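One structure below.
The values are calculated or read from the model by the stated rules, or taken from the named source; none is laboratory data. Nothing here was measured: the structure is a model prediction, and the numbers come from that model. Cβ: placed from backbone, ideal geometry, glycine included. Neighbour counts: every protein chain shown. Each accessible area value is taken on the protein alone, full model and side chains, heavy atoms only, with ligands, DNA and RNA left out. Shrake-Rupley method; radii C 1.70, N 1.55, O 1.52, S 1.80 Å.
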Amino acid sequence: TAFAMQRKRVTSYLIFRQLLGKPGQELSADLDYMYYHSTTDQQINTDFLNAGGEEKATPLRLQSRSPVDIDVWSGKVDYTHPLGQNMRLEAGIKSSYVSNNNQLNYLRMQDENWVEDARTNEFKYTERIQAGYVNYAATFGNLSLQAGMRLEHTRGEGNQQKGGLHFTRDTLNFFPTVFINYQLSDKHSIGVNYGKRIERPQYELLNPFIIMLDSLTAEQGNPALRPQYVNNIGLNYTYNRSLQFSLEYSAVNDVISKVVHQLPAEKITIFMFENISRLRTTTASITYNSMLTQWWQASYYAAVIHTSYEGVASGSAVSLAN
């Protein structure tokens, strides 16, 4: 098996900033465009021999070309408004559009001629994301507070040329964040934080094509793959701005993991990403920063981490902890 890949990326952006009447009052806008192209060429040559080295089946000769074109447009507007000497309000909106076009062109050697293979296909995926957020930050004496909320609507649509595969995904999500810090004295402070975020799968993982790695193994995308959602909560104590103790807990739902499927009839093994489990992680850590000289700083870090997975993969329960 031989691979060859070519990649090209083009990006452009436009940024606007406008200071308004009050100190700290600002309006900004960003426009971005990104184009990504890659082409992968592959050739698979497989000979089937018996123990004596004699040919026992017709050799497999495959060659493929799989071009990918991705266009990403995005634009956002942000506004910052001071509410007082130690308070501010931030708000903004963002819109993005993604067009992902994947082609897979297979040729198979038959009777000494290259003919189109049944694996040839085309898959198109588009995604629109509309989002808005509001964030409030303030300081009240020794107490610092920051709280925000992000609202996000996502609509994705996929179409495969062969096989009649068509799917749409329509979701509405809320992502809150909270950061609170209290200065107990000049040398002691405590803080607590909470946040929720989304981690989307890479677009190529949604592509349902079967990509042959060799005559016995292949990779296949999963159009049913969902994003994974992460909830984090943390508690920390800081001494003298240099020594910090932290305790963090993270809960990840719909964890994206690679799963192996055996297809006895086709006599191949397929690797595919699926949402198979939930992940829980608890971390206790200590960090110490020291200025060795005016230009040299050293940082020391140690942590104890406990993780646990629970879920279902290929119809079997999964439970791991360490």
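In contact (Cβ under 8 Å) with a residue 12 or more places away in the chain, over 29 Å from ASN253 (Cβ atoms), open to solvent by 100 Å² or more (accessible area, probe 1.4 Å) and not β-branched (Val, Ile, Thr): is that true of TYR288 in this structure? It is false that TYR288 is in contact (Cβ under 8 Å) with a residue 12 or more places away in the chain, over 29 Å from ASN253 (Cβ atoms), open to solvent by 100 Å² or more (accessible area, probe 1.4 Å) and not β-branched (Val, Ile, Thr). A single entry from GLU127, GLU157, GLU122 fulfils the requirement of being in a strand (DSSP E or B) and within 30 Å of ARG61 (Cβ to Cβ): GLU122. Highlighted here are the strands (runs of 3 or more DSSP E) found entirely within the range 214-266 that include at least 2 residues which are hydroxyl-bearing (Ser, Thr, Tyr): 228-239, 243-263. Name the single residue that is most open to solvent (accessible area, probe 1.4 Å) among those in the range 168-182 being among the hydrophobic types (A, V, I, L, M, F, W, C) and over 17 Å from ILE129 (Cβ atoms). Within the range 168-182, the match that is most open to solvent (accessible area, probe 1.4 Å) is PHE179. There is no residue in the range 27-38 that is surrounded by 13 or more Cβ atoms within 10 Å (Cβ to Cβ) and part of a loop (DSSP other than H, G, I, E, B). The set of residues from the range 293-318 being surrounded by fewer than 10 Cβ atoms within 10 Å (Cβ to Cβ), within 22 Å of GLN262 (Cβ to Cβ) and in contact with a strand residue (DSSP E or B) (Cβ under 9 Å, 6 or more places away or on another chain) comprises just one member, ALA317.
Among residues of the range 173-197 being in contact (Cβ under 8 Å) with a residue 24 or more places away in the chain and more than 33 Å from the chain's Cα centre (by Cα), the one that is farthest from GLU152 (Cα to Cα) is LYS187. For first residues located in the range 212-237 and more than 15 Å from GLY158 (Cα to Cα), partners that are open to solvent by 40 Å² or more (accessible area, probe 1.4 Å) and in a loop (DSSP other than H, G, I, E, B) and lie 6+ apart or on another chain with Cβ distances below 6 Å form the pairs ASP214/THR1; PRO227/ARG200. Residues that are open to solvent by less than 50 Å² (accessible area, probe 1.4 Å), under 23 Å from GLN85 (Cα atoms) and not aliphatic (A, V, I, L, M) were ranked within the range 132-165; the one that is farthest from the chain's Cα centre (by Cα) is SER144. Does the range 14-26 hold any residues that are surrounded by 14 or more Cβ atoms within 10 Å (Cβ to Cβ) and outside any strand (DSSP E or B), and which are they? GLN25, the sole residue that qualifies.
Residues that are among the acidic types (Asp, Glu) and crowded, with 17+ Cβ neighbours inside 10 Å within the range 105-131 comprise ASP117, GLU127, listed in sequence order. Figure legend. Inter-residue proximity from the range 10-26: first residues under 21 Å from ARG88 (Cβ atoms), second residues part of a loop (DSSP other than H, G, I, E, B) and of a type in the set (S, T, N, Q), beta-carbon distance below 8 Å, spacing 6+ or different chains. Indicated pairs: LEU19/GLN25. Residues that are loosely packed, with under 15 Cβ neighbours inside 10 Å and either modelled with pLDDT of 95 or more or in a strand (DSSP E or B) (or both) within the range 183-192 comprise HIS188, ILE190, VAL192, listed in sequence order.
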